[in-house]
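Below: the structure, in structure tokens.
The values are calculated or read from the model by the stated rules, or taken from the named source; none is laboratory data. Small disclaimer: the values here were computed from a predicted structure and weren't measured. Methodologically, a virtual Cβ is constructed for each residue, glycine included, from the backbone with ideal geometry; neighbour enumeration extends over all protein chains shown.
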Amino acid sequence: MSRQYWKPANLLNPVPAVMISCSDNNGRNNVMTAAWCGTVCSDPVMVSVSIRKSRYSHELISASGEFVVNLVSRDLVKACDFVGVKSGRKIDKFGLKGDIHLTAVPSKEVGAPSIAESPISLECKVRQALELGSHDMFIGEVVATSVDEEVLDENGRLDLKKADLIAYSHGEYFALGDLLGKFSFSTHKDERLKTRQAMNREKRSGKPKPGKEEKNDER
Ligand SMILES: Cc1cc2nc3c(=O)[nH]c(=O)nc-3n(C[C@H](O)[C@H](O)[C@H](O)COP(=O)(O)O)c2cc1C
């Protein structure tokens, strides 16, 4: 196997593509797409989003100290792309029509709106802003989370598979693919993984195949 060395490039893939909503807290709301967004702390729960100074959203978030991270499902991918190529300086991105319409709804803890169509919205208060170069990184503490009840199971627990979230990789949007294992599956007996593979096979064929693997899943 031979490998090449390249100059530094943004090749960490895949990443989430999310919609960041914000407000001037004076009735003017905006939303932009961000792929440079990530989880950076578990306790307190914190996320980061890196935004170029030229973005209208940068201006609003810098002034208000608040933003909302709205996760993107398959149904929202076109709107997500659109709000990532048009600036709120020129258009009202919450006034769009048809399949790219997004509804701004009041958030619980921040002045920035949440997006009603998004399965999960993370309301954030900016704790730090770092000037990195091309982008400034806003580190936000998640102060409230709203979840669409459609993505809960019958016991009220989050079933994120129902959200049908998308990923972004090297300039392209993707639906999530096959389940390959669960957290820590590598430390379990092989049957655990086989069971997951069997479930995926079933999903693809649409038919359950009862057998040893399914019995193991009942444990
Ligand atoms: C998939 C995708 C990912 C993007 N990621 C970022 C990002 O992480 N940071 C950023 O500053 N701009 C990003 N952009 C570009 C902004 O979303 C875009 O410039 C937008 O029009 C800014 O809107 P605003 O001027 O209303 O704030 C991305 C665009 C797309 C389509």
- Among the listed residues 86, 53, which satisfies the condition of being in the same structural domain as residue 131 (by TED's automatic domain parsing) and over 19 Å from residue 138 (Cα atoms)? 86
- Item | Residue list for the stretch 12-47, restricted to those being away from the ligand (no atom under 15 Å from the Cβ) and buried (at least 17 other Cβ atoms within 10 Å of the Cβ) | 46
- Filter result for residue 50 (touching a residue at least 12 places away in the same chain (Cβ under 8 Å), within 11 Å of the ligand (Cβ to nearest atom) and exposed (fewer than 15 other Cβ atoms within 10 Å of the Cβ)): no
- Query: Mind checking whether some residue in the stretch 59-71 is outside any strand (DSSP E or B), buried (at least 19 other Cβ atoms within 10 Å of the Cβ) and within 13 Å of the ligand (Cβ to nearest atom)?
  - Reply: yes
- Among the residues of the stretch 66-78, is there at least one that is among the aromatic types (Phe, Trp, Tyr), in contact with a Cys (Cβ under 6 Å, 6 or more places away or on another chain) and at pLDDT 95 or above? yes
- Restricting the stretch 72-95 to residues that are part of a helix (DSSP H, G or I) and free of Cβ contacts under 8 Å to residues at least 40 places away in the same chain, the one surrounded by the most Cβ atoms within 10 Å (Cβ to Cβ) turns out to be 82
- Task: Could you tell me whether any residue of the stretch 143-151 is free of Cβ contacts under 8 Å to residues at least 40 places away in the same chain, assigned to a loop (DSSP other than H, G, I, E, B), charged (D, E, K, R) and out of contact with any Lys or Arg (no Cβ under 8 Å at 6 or more places or on another chain)?
- Result: yes
- Note on the structure: Pairing a residue in the stretch 169-182 that is closer than 20 Å to residue 75 by Cα with any residue that is at pLDDT below 95 and surrounded by 10 or more Cβ atoms within 10 Å (Cβ to Cβ), where Cβ atoms lie under 8 Å and the two sit 6 or more apart in sequence or on different chains, gives 178/200
